[in-house]
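Please read the structure below before turning to the comments.
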2 protein chains.
Amino acid sequence: MPTARPTQHDVARAAGVSQAVVSYVLNDVQSVTILPETRARVQAAIAELGYVPNHTARSLRSRRTFTIAAIIPDITNPYYPELIRGIQDTARDRAYDVLAFNTDGDRAREWAALDAARRNRADGLIITPFFVTVDDLVPILSGGTPITLLTELRGNVPPDLPLDATSISGADAARTVVSYLIARGHTRIGMISGQIATPPRESRVHGYQRALKEHHVPLEVNLIRGGDFTESGGYEAMRELLGLVPRPTAVFAANDLMAMGALIACREAGVTVPQEIALAGFDDIPAAKLVHPPLTTLNQHAHSTGRRAAELVFSRLDGTYSGPARRERLGFDLVPRESA
Amino acid sequence: MPTARPTQHDVARAAGVSQAVVSYVLNDVQSVTILPETRARVQAAIAELGYVPNHTARSLRSRRTFTIAAIIPDITNPYYPELIRGIQDTARDRAYDVLAFNTDGDRAREWAALDAARRNRADGLIITPFFVTVDDLVPILSGGTPITLLTELRGNVPPDLPLDATSISGADAARTVVSYLIARGHTRIGMISGQIATPPRESRVHGYQRALKEHHVPLEVNLIRGGDFTESGGYEAMRELLGLVPRPTAVFAANDLMAMGALIACREAGVTVPQEIALAGFDDIPAAKLVHPPLTTLNQHAHSTGRRAAELVFSRLDGTYSGPARRERLGFDLVPRESA
DNA sequence: TTGAAAGCGCTAACAG
DNA sequence: CTGTTAGCGCTTTCAA
């Protein structure tokens with residue numbers, strides 16, 4: 001039977017003070033002055049008993065969990081570890097921890113993860129919403145829990161809700177990539193778009209269409225293939241695209257993971273990249289420069305996106321900001337390499 | 001001013017029962033029988049008020065956080081997202097969430113992460129220990145918090161401590177890779193070993209040495225290079241190795257990330273792989289098959305390692321197991337590809 | 001079958 | 001300057 005963990009009460013007794021005083025020195029409360037000598041006695045007792053604060057009790061009383069929740073599609077997609085690190089690194093500076101949830105593009109899982117916030121598991125939330133809408137978030141927001149979206153935020157938001165958004169313009173970014181392909185002489189350009197009816201896909205498809213239109217390239221819906229945002233999704237989509245007659249001369253994949261699946265499909269089919277088919281991705285994951293041929297893609301600065309998202313949450317949490325929704329557009333960089 | 005969140009007390013009043021009854025129906029307590037009609041009334045009140053349980057209060061009272069902490073070097077190393085997913089997937093099945101901490105191979109950070117467990121933030125712990133020893137963990141373990149190590153567990157452990165370990169034998173695995181290199185005709189084999197004085201490095205170096213010895217290949221300490229477990233660490237180490245005269249004809253990198261850095265160094269130096277220098281990695285991260293040339297490596301089944309680690313923790317948590325430390329050796333597979 | 005009551009360990013008024 | 005007090009919202013005896 002392990003000895004029960006010492007509490008503030010025990011420390012107080014050992015130091016010959018009241019339990020409140022222990023709390024004061026522990027939290028270095030400014031509104032109260034503790035005699036240096038008393039403080040020393042308390043600290044000695046803490047050290048001697050090996051007292052460690054109980055985080056749960058502190059949370060219940062202070063109504064803060066010192067935790068933020070991050071809801072992403074899949075940590076296994078190399079874009080997200082960088083993003084999560086950005087969040088974690090920022091959180092750590094503030095003595096916050098982060099709970100991460102994977103939704104795998106599943107509606108129910110996305111909702112389930114949201115529950116973490118509703119059940120007071122987290123003081124703030126960062127989410128890549130696939131299915132959830134602002135309306136769905138209102139119950140959480142109106143409870144005072146700040147949320148940062150990692151997609152663009154459209155429409156009106158009641159000005160008193162602690163909601164912000166930070167992301168690139170998916171459409172502008174996709175347009176940049178496709179315009180690059182067009183500038184390289186391609187006019188028959190396929191797209192591997194990812195999971196349908198999700199914000200990342202829709203914005204990127206939109207950008208693709210805009211680029212075509214701007215350059216008077218006719219749109220052919222047949223050239224847009226779905227799948228999910230995984231390597232195998234890209235593989236399947238590319239196989240479909242390769243079966244088309246005539247074949248596209250270039251393909252834009254809405255993320256690098258799919259682009260890599262596509263690369264494998266090409267390799268298997270004996271189709272050379274970029275000679276027979278040019279291929280561009282999206283995200284600039286670490287592996288992008290290592291594959292063969294190195295992937296032309298678009299860098300959206302995952303780590304600093306994570307940092308920024310966390311900063312937005314913290315600015316609400318510490319009262320630094322309390323105005324209407326901020327809608328931030330982050331920069332991105334086209335990274336031309338050898339695949340297109 | 002948002003209306004205060006309803007509590008069990010509010011639900012009780014609305015349903016005309018006592019607060020305890022609300023808790024009973026919420027937790028479906030078996031030792032107590034609730035009239036179906038009462039239960040229905042309570043559930044109606046819950047729905048009407050939009051009651052959501054307060055996780056923190058529940059934790060304080062029940063002394064369980066429904067959280068496990070995972071302490072890893074760096075989520076940005078592609079080996080770890082898979083591992084973490086294994087942990088998360090297992091945790092989710094049990095309605096547990098996971099808090100992830102990155103140490104970046106830093107001693108202070110590793111200790112700081114450990115504090116999460118000590119402060120009752122987590123019911124169990126999974127850790128890739130770099131600096132922490134079993135002795136350091138005793139205070140946590142003797143408080144009843146189970147821990148699973150992701151390295152081999154050596155020495156004696158008091159039988160009543162809830163400590164387990166699950167991992168491959170790093171030495172056997174490294175030996176397998178190096179033996180393969182020797183079988184391919186190499187005798188001058190360099191090693192890029194990773195961060196010194198850490199368990200992953202020491203076991204892999206040990207396996208390397210054993211393989212050489214078994215095949216009567218003389219050991220040359222000069223051929224073992226350190227660095228950290230990152231791509232740039234591998235890059236630097238390979239540059240050193242390439243500068244040696246005579247140059248090694250093969251190199252074993254203790255993880256794939258370093259192998260990829262090494263690949264870049266070779267490419268820059270105009271040294272062809274595998275013709276002029278063979279290169280083998282360790283981990284079989286997703287990018288390993290995509291680089292050029294595809295990397296010969298060793299798969300250590302990250303996802304199922306994560307699952308297993310979590311299962312060991314949960315078996316302690318739910319009382320399924322309470323015996324002495326389990327030391328599990330997981331399987332691994334050599335994956336010959338084109339780089340060696 | 002249900003209710004009353006006692007805390008879990010802590011923070012934060014408020015008194016002294 | 002320090003102590004007293006009142007809960008935070010919940011689970012879990014124990015009584016009725």
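With Cβ to Cβ distances under 14 Å as the rule, what net charge do the other residues near A:V335 carry (K, R +1; D, E -1)? Around A:V335, the surrounding residues sum to -3. When only Cα pairs below 8 angstrom with a gap of at least 6 residues are kept, the range B:1-105 shows a relative contact order of 24 percent.
I'd like the orientation of helix A:231-243 relative to chain A: the angle between its Cα long axis and the longest Cα principal axis, in ° from 0 to 90, rounded to 10. It works out to around 10 degrees.
Normalised size of chain A, defined as Cα radius of gyration per 2.2 N^0.38 Å with N residues, equals 1.26. DSSP assigns beta bridges within the range B:189-340; of those with both partners inside it, close to 20 percent run antiparallel.
Measuring nothing but alpha carbons in the range A:110-217 and taking Rh as the Kirkwood radius, the Rg to Rh ratio lands at 1.11. Short-range pairs are left out: with C-alpha atoms under 8 Å and at least six residues apart, the relative contact order of chain B is 17 percent.
Mean partner shielding of peptide B:119-130, defined as the number of other chain Cβ atoms within 10 Å of each residue Cβ, is 2.
Each distinct pair of alpha carbons in the protein assembly as shown adds a 1/r term; the inverse of their mean, the Kirkwood radius, is 27.5 Å. In degrees, nearest 10, range 0 to 90: what is the angle between the Cα axis of helix B:199-214 and the longest Cα principal axis of chain B? Its long axis makes an angle of about 40 degrees. Rounded to the nearest 5, the antiparallel percentage of DSSP beta bridges internal to chain B is 10%. Relative to the compact-globule estimate of 2.2 N^0.38 Å, the Cα radius of gyration of the range B:216-281 comes out at 1.01. In this label model, A:S142 and B:K289 are separated by 5.0 nm, measuring between points 7 Å along each Cα→Cβ vector. What the Cβ-Cβ distance of B:H215 and A:R188 gives, at R0 = 60 Å and to the nearest 0.05, is a FRET efficiency of 0.60. Identify which of B:E240, B:E82, B:E37 has the largest mean-square fluctuation in a Gaussian network model of chain B, with springs joining Cα atoms closer than 10 Å. Highest fluctuation of the listed residues: B:E37. In plain terms, the residue of A:T7, B:T296, A:T56 with the fewest other Cβ atoms within 10 Å comes first and the most crowded comes last, giving A:T7, A:T56, B:T296. Counting only DSSP beta bridges whose two residues both lie in the protein assembly as shown, roughly 10 percent are antiparallel.
Springs join every pair of Cα atoms under 10 Å in this Gaussian network model of chain A, and among A:D97, A:D164, A:D135 the largest mean-square fluctuation is at A:D135.
A straight line joining the Cα centroids of the range B:195-272 and the range A:239-297 runs 32 Å. The local environment of B:H303, defined by Cβ-Cβ distances under 10 Å, has a net charge of +1 under the rule Lys, Arg +1 and Asp, Glu -1. Axis of helix A:302-317 versus longest Cα principal axis of chain A: the two differ by about 40°, to the nearest ten degrees. Comparing Cα centroids, the range A:90-115 and the range B:19-86 end up 16 angstrom apart. For the range B:46-175, the Kirkwood estimate of hydrodynamic radius, built from reciprocal distances between every pair of different alpha carbons, is 16.0 Å. Considering only alpha-carbon pairs that sit under 8 angstrom and 6 or more positions apart, the relative contact order computed for the range B:123-179 is 32 percent. Could you run the Debye sum over the Cα atoms of the range B:239-340, one equal point scatterer each and no solvent, and tell me log10 of I(q)/I(0) at q = 0.12 Å⁻¹, two decimals? Calculated log10 I(q)/I(0) at the listed q: -0.51. Using just the alpha carbons, could you tell me how many Å³ per residue the convex hull of the range A:7-89 encloses? For the range A:7-89, the hull spanned by Cα atoms encloses 137 Å³ per residue.
A simple spin-label model places the labels of B:S232 and A:L244 4.1 nm from each other, with each point 7 Å out along Cα-to-Cβ. A Förster distance of 30 Å, applied to the separation of the beta-carbon atoms of B:A40 and B:H9, puts the FRET efficiency at 0.95. Each residue of the range B:13-18 was assigned a 3J(HN,Hα) from its phi angle through the Karplus curve 6.51 cos²θ - 1.76 cosθ + 1.60 (θ = phi - 60°); the sequence is 4, 4, 8, x, 10, 8 Hz, with glycine and proline shown as x.
FYI, it's all coordinate maths here, none of it is from the lab. Please read these numbers as outputs of a predicted model, since none were measured by experiment. Positions of Cβ are backbone-derived with ideal geometry, glycine not excepted, and every protein chain shown enters the neighbour counts.
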